[in-house]
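The values are calculated or read from the model by the stated rules, or taken from the named source; none is laboratory data. All values derive from a computational prediction rather than experimental measurement. All Cβ positions, glycine included, derive from the backbone under ideal geometry; neighbour counts span all protein chains shown. Accessible surface areas use protein heavy atoms only, side chains included; no ligands, DNA or RNA. Shrake-Rupley method; radii C 1.70, N 1.55, O 1.52, S 1.80 Å.
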Protein chains: 2
Amino acid sequence: MADGAGDDLFKELWRLCAGPLMDVPCVQDRVFYFPQGHIELLPEPTEQELRQMKNQKSPKYDLPSKILCRVIDVKCLAEMETDEVYARITLQPSSDNDPLDPNPICSEKPKQKFYSFCKTLSTSDTSTHGGFSVLRKHANECLPQLDMTMENPTQELVAKDIHGVEWKFKHIYRGHPKRHLLTTGWSAFVAAKKLVVGDSFVFLRGENGQLRVGIRRLNPPQSPTPSSVVSTQNMRLGVIVTASHSVMTSTMFVVYYKPRTSQFIVSLNKYIDTMNNDFKIGMRFKMRHEGEDPLDKRFCGTIVGVGDESREWPNSQWRSLKVQWDEPATMQRPDRVSCWEIEPLVTSPLNMIQPMAKGKRSRHAEASSSAASGSKESQVATIWHPPHLNGNGNSSQDLKNNKAVVPAGPAGEGPACDHNEDGKKGMDCWLFGVNLTSSYSNVVTPLEKELWCEASTILHCGPKESIIVGACEIEKVQSLNNHSLSNKQGHVPSMRTRTKVKMEGVAVGRAIDLTTLNGYDELIVELEKMFDIEGEIISQKKWAVTFTDEENDLMLLDDDLWQDFCKMVKRIFICSKED
Amino acid sequence: MADGAGDDLFKELWRLCAGPLMDVPCVQDRVFYFPQGHIELLPEPTEQELRQMKNQKSPKYDLPSKILCRVIDVKCLAEMETDEVYARITLQPSSDNDPLDPNPICSEKPKQKFYSFCKTLSTSDTSTHGGFSVLRKHANECLPQLDMTMENPTQELVAKDIHGVEWKFKHIYRGHPKRHLLTTGWSAFVAAKKLVVGDSFVFLRGENGQLRVGIRRLNPPQSPTPSSVVSTQNMRLGVIVTASHSVMTSTMFVVYYKPRTSQFIVSLNKYIDTMNNDFKIGMRFKMRHEGEDPLDKRFCGTIVGVGDESREWPNSQWRSLKVQWDEPATMQRPDRVSCWEIEPLVTSPLNMIQPMAKGKRSRHAEASSSAASGSKESQVATIWHPPHLNGNGNSSQDLKNNKAVVPAGPAGEGPACDHNEDGKKGMDCWLFGVNLTSSYSNVVTPLEKELWCEASTILHCGPKESIIVGACEIEKVQSLNNHSLSNKQGHVPSMRTRTKVKMEGVAVGRAIDLTTLNGYDELIVELEKMFDIEGEIISQKKWAVTFTDEENDLMLLDDDLWQDFCKMVKRIFICSKED
DNA sequence: TTGTCTCCCGTCGGGAGACAA
DNA sequence: TTGTCTCCCGACGGGAGACAA
């Protein structure tokens, strides 16, 4: 430690514990911060809190959905209780004259070589009887040499964990056939860290011989338990107001970032790269996930919707892509992702052009080109073809929004800073929709007022010099688009408008636009038409209509208020009465 | 359980675990909420965070130091991890015309008698060898009778803890001389609850024979560990902005309150009582503390300073008294207290009458002349004399601020409401140092008014009239909530107005509108209809009806008041009786 | 009356080789 | 090569009366 090598080792251990998907920015990098994603990580409000939030007027905040920041400081930390790694990142909102150049490649070259392994714990490893079985390869590469001239060579390993706490392990080479084991000390470690089968043990040796141990859990704690200190409402407001305040005053703020959980801080480089892709409905993609050693195993899926995740953040890129996964998986996967989490699945230029029309073929082509998981992919049974997704051009809504989300900027440059002539009007400090500085004194013409109000509902931003002014202008236009759209349609414009319908015994699914219907009666008429079973549903003899809701529970139609139903329905099923 | 006694027992257990100093307001009470005290409970910022907060311009907030609120809801809860009891209190800032009458005495009379004991654990009680020694008196009063004709009479006690988890204990009367012991099951309880010498064991028996167990720790966790979810800065801002917003919009907000830790919610009655005293430097006082059975044992001390605890809250009454304690003590005691935590020390009736001035003054005369600590008082080094406490001058600001919080009450109720000519101006909305109301009053033209309306809908803080009538409006909204919610606040898109019902063996769920029902009887009839099992539930032979509440606990139907049930039910399950 | 000690004995679990996937 | 099983034996701890404060 005194030689500074300990610091290197700590960082390396932190990286190993964070896992292969770890993505933490470097100091001085520019990043986009997505408050929406930050809020997502707060404890879930209880039912009761949710009810109260409904009764309560929520303060409107006009924080942009993404905030360009410079990384001032990154501190790698780990939770005392669980050893879960996280980073305390200090961000400073960028100013206008901060160009959108990509970040220089930052690589802190460690001074020494590392030897490390990571093993998923078996049942035996975690059992109370006996110790930890070190794979021969791992032992050879990473453990200090034993004196093999001995009958049962043994040594004591002393290693520090991420908090600097020392753990001692007896390392022995014994048994028939011979193998490496960690015995004494191991079970105490397992108990203290509360390890279970499937968790991983991380071992690290530095060139200087110092040892480190760490863990990576199979299931990192998802949503933290609600605190009994402050309400979730408090936390949400806190996050937003902290960010607002920092943007207004150009001062630093601190966020805690768990790279394993959710990537709400995105490096400018990654963002720019991502934005070169045109994410469209129907596009095929792959997404990395934390898994076993073969890192190239990825989940594949199809984009089935483009648009806002939440009404509160219009035109946000956060989880703006609704996706459908190819295969079921044991692990939970989100049904909405952000562009930077995925990569387009490119197989051949041909498929790029006609992805949907040749959907099945393309997948086979692609499968054959990727060795390991080809057969799995070909098992895909249900391929969903919502009518409005097949590229016949009737979904102007989606296209418009798509443009809003993935603006056509010059390649390599972010979309946010091109136009700014209006910015001269000056934009002062806005909070909760109120201009704290000028009290409307600048407003002149009615039109400008209208524009102004529009803009102010979208964001508040700093003085015109601020880089965000550029974004402002674009988003103002977007918001006007949105505005007119929502007037026309009366619902969130960018949400996928059709709802899937499947009928028992009918292989091909359908989709229906619930917004055009005024109640269950009309729905049933439409469903009957759709499947050519006029009168059969309404008679209640043969068919029952059920649906899955946002919690994926199968529910009977008709019990909920129509409005509620429209909000929560995911899929509709027509099944025979007996079931 | 079926008789609703479980709820009574829960509350009593909660009270016992909270300890004798427990002071939780009743629903409908008026209280003062001290945000400063609330913030005190947040995790301590780390060194690094502190440094950063210095470099950073902290947002200015002009939240009053105390806020008069009505208690809308009190939910008694306990932490999952530690069993520490706390209350989730929903507060609504009081409106201007809410008179400062004392709260009516609220006493929810329990329907039954309770038998309870609380014993501080000895070394033997917590040792791994052997069980818990029940004091003879406790056993006679609280434990179910043993059959004393037996040689070593024994029975199994089954008791629920505060989470409803069942614990089993073998109760035996044995040894020479004979004594009552809890053996089997006790050590598991000690281990699970992590009890140590000095912690207390709470045992409760209801008239109906139901048993409850609980704990009260010697050292309740002081400052919570800093969360790795949001920064302390976030939390602080969150608390303040939540309160600000609620004051501005007259809407409810939620605070978590740990009566054992810090009393930042003070009943109006207690406050009024307290304010009848004139707290002066040199005054002697006593303070209750959680301790052994002799409840009258108190710490005594002397006031050595009067004034603000923190610059950020000028003229706040929170911890406005600096004190010096008479004797050293093992337990930590604050060096600053709030007036309502202490009582003037009265030694003899003689002193009471002494004619320094009329009424309350006498006490202080007596106090300052009390012998014991005279020399100590002279040690006082720093002395504050805020003008408004020694009565010689009124800093107009203070008065204004006070008025905003405790508006226009009848004179003589407390120091905060003596002058009120300014009060007619109505309540000002301040946020981050900006008077939002005054910007409103500058608005002249209709267009500007329109703009204001725009802003005010964003802010959800209407013109001053709406602030004043806020309370009524809110109640109206609440009464309408079920039906108008979807129109008003679309922020929580997925909430249902119906409650999900699932039945064992039936794949398809249903949903029911509880608001149309008037009690459990009607609910059961509806459920039976829904699943075509008329008469089968009410007969209680085949089916049991359970539900999950907002904490996701599975509960049996019928235990709670119907109104409570409707508030907290999440899903209803009909399952076969055997399960 | 009740807190502590010590003794008895059953259970748990660390650590070894056996065995098999 | 390595995961699981079983066996051995020592340590831990639940439960009893003894004893003393």
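Would you rank B:Val508, B:Val266 by solvent-accessible area, highest first, keeping every protein chain in place and using a 1.4 Å probe?
The ordering from most to least exposed comes out as B:Val508, B:Val266.
Each copy carries a label point for B:Ile105 at 7 Å from Cα along the beta-carbon vector; from one copy to the others these points are 8.0 nm apart, nearest first. Here is the tail figure for the stretch A:164-285: Cα pairs spaced more than 26 Å apart come to 56 percent of all pairs.
With θ taken as phi - 60° and the Karplus curve 6.51 cos²θ - 1.76 cosθ + 1.60 applied, the whole-hertz 3J(HN,Hα) list for the stretch B:171-183 is 9, 9, 10, 8, x, 10, x, 4, 8, 8, 9, 9, 10 Hz, x standing for glycine and proline.
Solvent-accessible area of B:Val525, all protein chains in place: 70 Å² (probe radius 1.4 Å, heavy atoms, ligands and nucleic acids excluded).
Under 5 Å between amide hydrogens, built in the peptide plane, is the criterion, and for A:Asp73 it picks out A:Thr90 among residues at least 5 positions away or on other chains. Distances between copies at A:Lys119, taken between label points 7 Å from Cα along the C-beta direction, are 4.9 nm in increasing order.
The share of alpha-carbon pairs in the stretch A:79-172 lying farther apart than 16 Å comes to 77%.
Taking only protein heavy atoms and a 1.4 Å probe, the accessible area of the stretch B:176-245 is 58% carbon and sulfur.
Computed extension gain for A:Ser122 through A:Ser539, at 0.36 nm per residue and net of the alpha carbon distance, reaches 144.4 nm.
Under 20 Å from a label point set 7 Å out along the Cα-to-Cβ vector of B:Asn152, the amide N atoms of the stretch B:179-206 belong to B:179-188.
Rounded to the nearest Hz, the phi-derived 3J(HN,Hα) couplings of the stretch B:555-567 under the Karplus curve 6.51 cos²θ - 1.76 cosθ + 1.60 (θ = phi - 60°) are 10, 7, 5, 4, 6, 8, 4, 4, 5, 4, 4, 4, 6, where x marks glycine and proline. Over the Cα atoms of the stretch A:131-199, the radius of gyration divided by the Kirkwood radius equals 0.98; this is the Rg/Rh ratio. Summary for B:Lys170: label point 7 Å along Cα→Cβ; distances to the equivalent points in the other copies, ascending, 3.5 nm. Buried between B and A is an accessible area of approximately 7500 Å², summed over both sides with a 1.4 Å probe.
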